[in-house]
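Here is the structure we will look at.
Each reported figure results from applying straightforward, stated rules to the coordinates on display, with no laboratory input. What you see is a predicted model; the values in this text were computed from it and never measured. Counting neighbours? That spans all protein chains shown, and the Cβs are built from the backbone with ideal geometry, glycine included.
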Amino acid sequence: MTSKIPCVVLLGPTGAGKTRAALHLACHLPGEVVNFDSRQVYRDFPRITAQPTPEEVAVCPHWLYGFLATDRKLTAGAHVRKCRPIIRGISERGKTPILVGGTGLYLRALLEGLAEVPEIPREVTMLLEQQLVLEGLDALYARLQEADPELAARIHPNDKQRTLRGLEVFEATGKPLSWFHGKQEAASDYRALLLGVQADLHALEPLLARRIDAMLAAGALEEARKAYGRCPDPTAPGWTGIGCAELLAFLESRLTLDEAKTLWLRNTRAYAKRQLTWFRKMPDVVWCGYDDPLLPEKMLDKAKAFLSGL
RNA sequence: GCCGAGGUAGCUCAGUCGGUAGAGCAGGGGACUGAAAAUCCCCGUGUCGGCAGUUCAAUUCUGUCCCUCGGCA
């Protein structure tokens with residue numbers, strides 16, 4: 001049995017200061033930063049998705065930021081497959097992998113693994129999407145109840161996305177998705193210290209508002225304009241990110257800039273709320289306040305104690 | 001000043017042929033196994049603009065006043 005790779009995870013809601021803390025850890029452990037945020041992967045949106053700046057990236061290696069084109073889609077599984085060799089490489093170089101991000105599903109998939117479901121052929125997915133339009137969600141959910149009663153019982157009949165996922169797995173493999181879940185092994189390859197940046201929504205809101213202004217001042221609009229030139233399809237995966245979608249609506253004259261900013265803030269806030277809900281229930285997270293000026297130092301101390309205690 | 005249209009939840013608005021009212025959004029809580037910055041679930045008492053009248057009963061009808069928005073002056 002191979003020993004588990006030690007790593008440090010930095011989690012928390014958007015805009016709470018994870019990037020800054022990660023840089024401090026990376027400099028002093030020493031370590032390298034690996035992204036687990038589903039949006040900071042887009043090449044065309046470095047500012048709007050708050051990726052580390054070129055100056056920050058120059059300080060130490062950063063992985064899985066800004067590598068994906070706007071019309072490409074990343075999935076939890078694909079992200080995990082990219083992450084694993086990178087984390088192993090960092091560890092073999094004698095450094096500590098520092099995982100930073102805000103996408104709860106990606107983190108869980110990485111730490112606990114994901115069921116091994118084969119790739120679903122595009123035709124299967126497209127056919128189901130057509131059937132959704134023709135037959136309605138109720139009919140598809142009823143089919144899921146036949147095909148995978150266990151999964152159907154767990155999801156809500158209105159949950160379009162999960163109903164389609166359950167059906168596409170069954171149609172493509174002949175086996176229920178819940179069967180794949182049951183067969184999954186619980187072993188993890190990593191021994192992770194979970195460090196959380198704690199912030200409540202009320203405190204976070206003004207920071208998020210200021211960050212939007214700062215992004216615009218730093219050329220967010222120009223960034224969106226350029227991205228639009230490269231990928232003018234508003235339904236492309238990269239455009240569905242918060243900030244991107246609102247600025248695109250402004251560029252296409254569907255919103256004024258003020259309306260776009262208001263919506264942007266509102267959506268960012270709602271997103272932060274979902275992140276807080278997700279991370280709150282995670283066990284064994286060591287929390288530090290976002291407003292603690294010594295947060296990077298405290299997190300570094302905890303990381304050092306964790307690594308020396310192994 | 002006159003004519004018209006309105007004033008109902010934090011916002012946008014439904015509605016009650018008279019029996020004290022409900023959607024969307026916002027807000028709060030939650031779920032989450034390859035779209036996850038996604039997808040979805042639960043949570044709705046508010047002088048129904050003020051005052052008076054009619055009525056067993058008015059947010060609903062009538063009068064009047066106030067305010068907002070159009071048009072005409």
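Assorted remarks:
- Region A:98-126, subset without any contact (Cβ under 8 Å) to a residue 24 or more places away in the chain and part of a helix (DSSP H, G or I), residue nearest to the chain's Cα centre (by Cα): A:108
- Residue in region A:94-110 that is more than 14 Å from RNA strand B (Cβ to nearest atom), β-branched (Val, Ile, Thr) and either surrounded by fewer than 17 Cβ atoms within 10 Å (Cβ to Cβ) or on the phi < 0 side of the Ramachandran plot (or both) present: yes
- Reported count of residues in region A:56-78, each being free of Cβ contacts under 8 Å to residues at least 40 places away in the same chain and hydroxyl-bearing (Ser, Thr, Tyr), is 2.
- Applying the condition of being within 16 Å of RNA strand B (Cβ to nearest atom) and of a type in the set (D, E, K, R) to region A:76-93 and asking which residue is nearest to residue A:7 (Cα to Cα) yields A:84.
- Residues considered: A:217, A:270, A:227. Of these, the only one that is within 16 Å of RNA strand B (Cβ to nearest atom) and more than 30 Å from residue A:192 (Cα to Cα) is A:227.
- Scanning region A:234-260 for residues that are part of a loop (DSSP other than H, G, I, E, B) and within 14 Å of RNA strand B (Cβ to nearest atom) yields a count of 7.
- Inspection of region A:56-66 finds a residue satisfying the criterion of being assigned to a loop (DSSP other than H, G, I, E, B) and more than 15 Å from the chain's Cα centre (by Cα).
- Qualifying residue in region A:208-217 (condition: touching a strand residue (DSSP E or B) at 6+ places or on another chain (Cβ under 8 Å) and surrounded by 17 or more Cβ atoms within 10 Å (Cβ to Cβ)): no
- Condition met for residue A:19 (within 14 Å of RNA strand B (Cβ to nearest atom), part of a helix (DSSP H, G or I), in contact with a strand residue (DSSP E or B) (Cβ under 9 Å, 6 or more places away or on another chain) and not small (Gly, Ala, Ser)): yes
- The helices (runs of 4 or more DSSP H) found wholly in region A:138-214 and carrying at least 3 residues that are near RNA strand B (Cβ under 10 Å from one of its atoms) and without any contact (Cβ under 8 Å) to a residue 40 or more places away in the chain occupy A:160-173.
- Members of region A:31-55 found to be in a loop (DSSP other than H, G, I, E, B) and either without any contact (Cβ under 8 Å) to a residue 40 or more places away in the chain or aliphatic (A, V, I, L, M) (or both), listed by number: A:41, A:43, A:48, A:50, A:51, A:52, A:53
- Single residue of A:46, A:13 found to be more than 18 Å from residue A:86 (Cβ to Cβ) and surrounded by fewer than 24 Cβ atoms within 10 Å (Cβ to Cβ): A:46
- Summed over region A:279-310, the residues that are in contact with a Leu (Cβ under 8 Å, 6 or more places away or on another chain), assigned to a helix (DSSP H, G or I) and closer than 16 Å to residue A:103 by Cβ give a count of 1.
- Within the set A:193, A:167, A:144, the sole residue that is within 30 Å of residue A:28 (Cα to Cα) and among the aliphatic types (A, V, I, L, M) turns out to be A:193.
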